[in-house]
Amino acid sequence: MPFEDFLQSIASADLRHVAEHWNRARGDRTMPGWNDIRPSQIAKQLPSIWVYRYDRQTDLFTGRLAGNLIELVFGKSFRGAPMTELYPKQDYPRLFARAKQVVCGPALFRGEGMVFKHVEHFGNGERIVMPLADDGVLGDGVLGATVYQSRRGVPAADAVEEESWFAL
């Protein structure tokens, strides 16, 4: 059972709570839609949540929402920003491919380790990414949540984010 395996892989209680809400919101469909997500049910986790819309025709992701702990990393508003403008050029292709695999797979993603590197800060922690689909079938967004401990300076050269994938 992919979702149960995904859930069992998550170490953070807050991220598990978000994943469980996503699962309840989808009901008997493959994926929930954005309107199925109830912020009041994940209120404690909202500072760590981020959401992108995906446009299949243009093959672009656009920021829909980011909690204050996520916007702190970016240093600017996430809402309405193209993904291309949110990440350094060298990181964008990898992050775009990850989001596209989640939304088009569809798939569930869990990462652990160095979850961000921006300016002179980096963060170690855990991240989950789950697909959204207004019709329950055709992916049109991703819901992610990241918990991290922020550090100043330059991460170790071998610092990476270990990835785990779960097909839906």
Check: All but one of (1) touching an Asp or Glu at 6+ places or on another chain (Cβ under 9 Å); (2) closer than 15 Å to Ala145 by Cα; (3) small (Gly, Ala, Ser) hold for Ala25; which doesn't?
Finding: (2)
Checklist line | Subset tally (residues that are in a loop (DSSP other than H, G, I, E, B) and of a type outside the set (S, T, N, Q)) for region 67-92 | finding: 11
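For Leu60, indicate whether it is over 15 Å from Pro131 (Cβ atoms), surrounded by fewer than 16 Cβ atoms within 10 Å (Cβ to Cβ) and touching a strand residue (DSSP E or B) at 6+ places or on another chain (Cβ under 8 Å).
Details: over 15 Å from Pro131 (Cβ atoms): yes; surrounded by fewer than 16 Cβ atoms within 10 Å (Cβ to Cβ): yes; touching a strand residue (DSSP E or B) at 6+ places or on another chain (Cβ under 8 Å): yes.
Yes, satisfied.
Condition test on Ala43, is it aliphatic (A, V, I, L, M), free of Cβ contacts under 8 Å to residues at least 12 places away in the same chain and either outside any helix (DSSP H, G or I) or over 16 Å from Val137 (Cα atoms) (or both)? Let's see the steps before the verdict.
Working: aliphatic (A, V, I, L, M): yes; free of Cβ contacts under 8 Å to residues at least 12 places away in the same chain: yes; either outside any helix (DSSP H, G or I) or over 16 Å from Val137 (Cα atoms) (or both): yes.
Criteria met by Ala43.
Would you mind stating whether Val102 is in contact with a Pro (Cβ under 7 Å, 6 or more places away or on another chain), in a helix (DSSP H, G or I), at pLDDT 90 or above and surrounded by 14 or more Cβ atoms within 10 Å (Cβ to Cβ)? Can you show your working first?
Working: in contact with a Pro (Cβ under 7 Å, 6 or more places away or on another chain): yes; in a helix (DSSP H, G or I): yes; at pLDDT 90 or above: yes; surrounded by 14 or more Cβ atoms within 10 Å (Cβ to Cβ): yes.
Yes: the conditions hold for Val102.
Determine, yes or no, whether Ile49 is surrounded by 16 or more Cβ atoms within 10 Å (Cβ to Cβ), farther than 21 Å from Val73 by Cβ and among the β-branched types (Val, Ile, Thr).
no
Specify which of the listed residues (Arg53, Arg110, Arg64) is in a strand (DSSP E or B) and either closer than 16 Å to Asp14 by Cβ or in contact with a His (Cβ under 8 Å, 6 or more places away or on another chain) (or both). Spell out how you get there, then give the answer.
Details: Arg53 fails: either closer than 16 Å to Asp14 by Cβ or in contact with a His (Cβ under 8 Å, 6 or more places away or on another chain) (or both); Arg64 fails: either closer than 16 Å to Asp14 by Cβ or in contact with a His (Cβ under 8 Å, 6 or more places away or on another chain) (or both).
Unique residue meeting the criteria: Arg110.
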Checklist line | Failed criterion for Gly80 (all others in (1) of a type outside the set (D, E, K, R); (2) within 25 Å of Phe166 (Cα to Cα); (3) without any contact (Cβ under 8 Å) to a residue 40 or more places away in the chain hold) | finding: (2)
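The values are calculated or read from the model by the stated rules, or taken from the named source; none is laboratory data. Everything numeric in this text was worked out from a predicted model, so none of it was measured. No Cβ is skipped: glycine too gets one built from the backbone with ideal geometry, and neighbour counts run over all protein chains shown.
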